[in-house]
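Here's the structure, in structure tokens; my notes come after.
The values are calculated or read from the model by the stated rules, or taken from the named source; none is laboratory data. It should be emphasised that the depicted structure is a prediction, and the values quoted were computed from it without experimental measurement. Note that each Cβ is placed from the backbone with ideal geometry, even for glycine, and that neighbours are counted across all protein chains shown. These accessible areas exclude ligands, DNA and RNA; they are computed on the full protein's heavy atoms, side chains included. Shrake-Rupley method; radii C 1.70, N 1.55, O 1.52, S 1.80 Å.
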Amino acid sequence: MSRIAEKFSELKRARRGGFIPFITAGDPDLATTELLLVELARAGADVIELGVPFSDPVADGEVIQRASERALRNGVTLCDVLDCVARIRPRMATPIVLFSYFNPLLQFGEDNLAREAQRVGIDGVLVTDLIPEEAESWTKKLREYDVDPIFLVAPTTSDARLARIVSQASGFIYAISRAGVTGPRADLSNEAEALTQRIRKVSALPVAVGFGISTNEQVKSVWRFADAAVIGSAIVAEIEKNKSDPNMLGHVGNFVRDLLRPGEDRHS
Amino acid sequence: MARSTINRSEPDEHGHWGEFGGRYVPETLVAPLEELTREFAHARDETDFWSELEQLRRDYCGRPTPLFHAQRLSAHAGGAQIFLKREDLAHTGSHKINNALGQVLLARRMGKRRIIAETGAGQHGVATATVCALFGLRCVVYMGAEDVRRQALNVFRMRSLGAEVMTVNSGTRTLKDAINEALRDWVTNVRDTYYLLGSALGPHPYPLMVREFQSVIGREAREQILAQNGKLPRALVACVGGGSNAIGLFHPFIGDEQVRCIGVEAGGRGEAAGEHAARFHSGLTSGGGRVGVLQGTKSYVLQDRHGQIANTHSISAGLDYAAVGPEHAYLRDAGRAEYICASDAEALEGFSLCTKLEGITPALESSHAILPALRLAKNLSSDDAIIMNLSGRGDKDVQLVADVDLTVEGDESHR
Ligand SMILES: Cc1ncc(COP(=O)(O)O)c(C=O)c1O
């Protein structure tokens, strides 16, 4: 069983909602990324999504766009991100999902990437702009190296496509809570719950819901119907806000603990 | 890469020309792209759709546009006869209206009331704002801050037509970033919004659809040259930004294997990365045009070693883009089309030559094709003909050209 699958069965046994933070690698710099990974794991991350910075992040709102720009200004490359995971692995067992746009991976090479991902200890890869129709050889390669191909499904995804997507996915399904780019929204649409139910009908894979989640209440409401909540922009914004504060890690850790503040729901 | 001449160029059902094209988009956009693909396929088979478009082309756009025998440019070259396909005379002043009109009819069929578009030179933005005015639709145009600055006249035109022009300050502040913003808008407002993409770029079905709407250029030109010159031309020459005016001219001639298809990219101001937009001019020192994925499609892309998209430069906003339409990538690898580049300085010289010798002021984009056309003509006999696509008029560029030091001024005095 993959480390991701194990994590989700552990959550299920404990009847606990999962927490999946996202950060951009190299924001504000790679050394800090390593520390942040450890801090996030300590603060309660069940899986961590690690973003590869890209020059043209079409699926991202301004917060993650700026994080990508900061990382690229530091010259961060995919190789650097892989090295960062390799360095952190001995100190951390939390599953890591690489979150990327396709072009940097394509230039690195499918075979290279799958092999390196396995070597450094990356557990899954999610490619924002790679849909199953274009991903066949790609998912095969990842599987060969025991890396989970994670796919997104959206409220606009038809049932026919949904079946096709889940048949190619493993690890978990990432359900996008609403049509749009990444970034906080005041209220969580009820589309996420309907979408999760549609996924449940065709797949036994765990479902993580993301896009626009930024508060403790929203996290709890996601836990009521899905297996995990993904929180990206809200954490990245916290990193941005405190980037020149010597106690940035402490702030981010506290922010996350506050997001996960226990209520009756995390154990329901 | 094996070079064999092909005589047709059709994508598979997922929009792939060989390894190029396809659909590389966030999942949310797949549903609207499928909807658009279906709608386009239906419309394509309906005579009513084409007759409505035909009528608008004639009565609203002033088509067919003339094919003009440019005698003084031909004499200047001293070889083949140069014919200019006068897309500058189409309504709004460029070929962009052909595509905007076709797509707006689709948007209406689909019941979409809000239209978004990106623009570089502003010509596609103006064309889109125009068809939205014609049909009473809301129009939002994204334009990079750098382009807003250098194409101010078109910004004013779009606003007068009732469009909302959104200045894009991210990234390189040019066409690429305008497309990013338009895609973000579409992903967010996917249910009521139609994305009217302006070139033969982006995810399937856009490259195919845009080509179909622009092919009117080549169909007319083919008939016109046969009528005027009694035989097919030796070559076609067109500038290539995303590639819509070029593919529109080339496509109806693809089966005519003896007709060379020559695309002209922006050579900018130098060979180094960031100084040009010549995607087919490969090699790392020149910015590395290699196969990659940008904004929904696989094609040749200017990028660094790590797959980050490179900065580009061109004096013309409409050619200042890091990727090229996927069908061009296919035609080039198949050996059916050739791609060369012209520098900023050569474009300025072409601009000036065409203005002085023919009394036609071309857009700076189109101006890139002029010197290559002259050179080509020079090596052919005077019985031969070549067609150059004059994709747009240059009013929008007059100010910019006036601000540049015109080094070619003196060269023309002997004529
Ligand atoms: C007059 C003119 N020609 C050419 C272009 C380049 O686009 P394409 O390569 O799609 O024809 C533009 C784009 O703005 C334009 O305005």
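Longer than 26 Å from Cα to Cα, which of A:K140/B:K176; B:K176/B:K396; A:K7/A:K220; A:K201/B:K298 are they? Say none if no pair is. In this structure, A:K140/B:K176; A:K201/B:K298 exceed 26 Å between Cα atoms.
Ranked by the mean number of other Cβ atoms within 10 Å per residue, highest first, peptides A:20-27, B:154-161, A:45-52 order as A:20-27, A:45-52, B:154-161.
Residues of region B:294-311 whose accessible area (probe 1.4 Å, heavy atoms of protein chains only) drops by at least 50 Å² once all protein chains are present, relative to their chain alone: B:H306, B:Q308. Based on protein heavy atoms only, chain A ends up with 37 Å² per residue of surface accessible to a 1.4 Å probe.
Straight Cα distances below 21 angstrom link B:K378 to the lysines B:K85, B:K231, B:K356, with same-chain residues fewer than 8 positions distant left out. Once backbone amide H atoms are built at 1.01 Å from N, A:A229 has A:G18, A:F19, A:I20, A:V209 as its partners under 5 Å, excluding neighbours fewer than 5 places away on the same chain. For the chain pair B and A, buried accessible area totals roughly 2900 Å², probe 1.4 Å, rounded to the nearest 100. Of all the options A:T215, A:T182, A:T32, the one that moves most in a Gaussian network model of chain A with Cα springs shorter than 10 angstrom is A:T32.
Highest GNM mean-square fluctuation among A:K201, A:K12, A:K141, for chain A modelled with Cα contacts below 10 Å: A:K201. Select from region A:79-117 all residues whose loss of accessible area on going from the chain by itself to the full protein assembly reaches 20 Å² or more (probe 1.4 Å). At a threshold of 20 Å² (probe 1.4 Å), the residues of region A:79-117 that become less exposed are A:F102, A:N103, A:P104, A:L106, A:Q107. For the protein assembly as shown, A:C79, A:C84, B:C61, B:C239, B:C261, B:C341, B:C354 have no disulfide-compatible partner, since no other Cys C-beta lies under 4.7 Å from theirs. Working note: 222 nm ellipticity from helices only, DSSP H runs with n ≥ 4, each -39,500 (n - 2.57), summed and divided by the residues of chain B, gives -11500 deg cm²/dmol to the nearest 500.
Shape index of the protein assembly as shown: Rg/Rh, with Rg the Cα radius of gyration and Rh the Kirkwood radius from the inverse mean 1/r over Cα pairs, equals 1.01. Annotation: lysines with alpha-carbon distance below 22 angstrom to B:K112 (same-chain offsets under eight excluded): B:K96.
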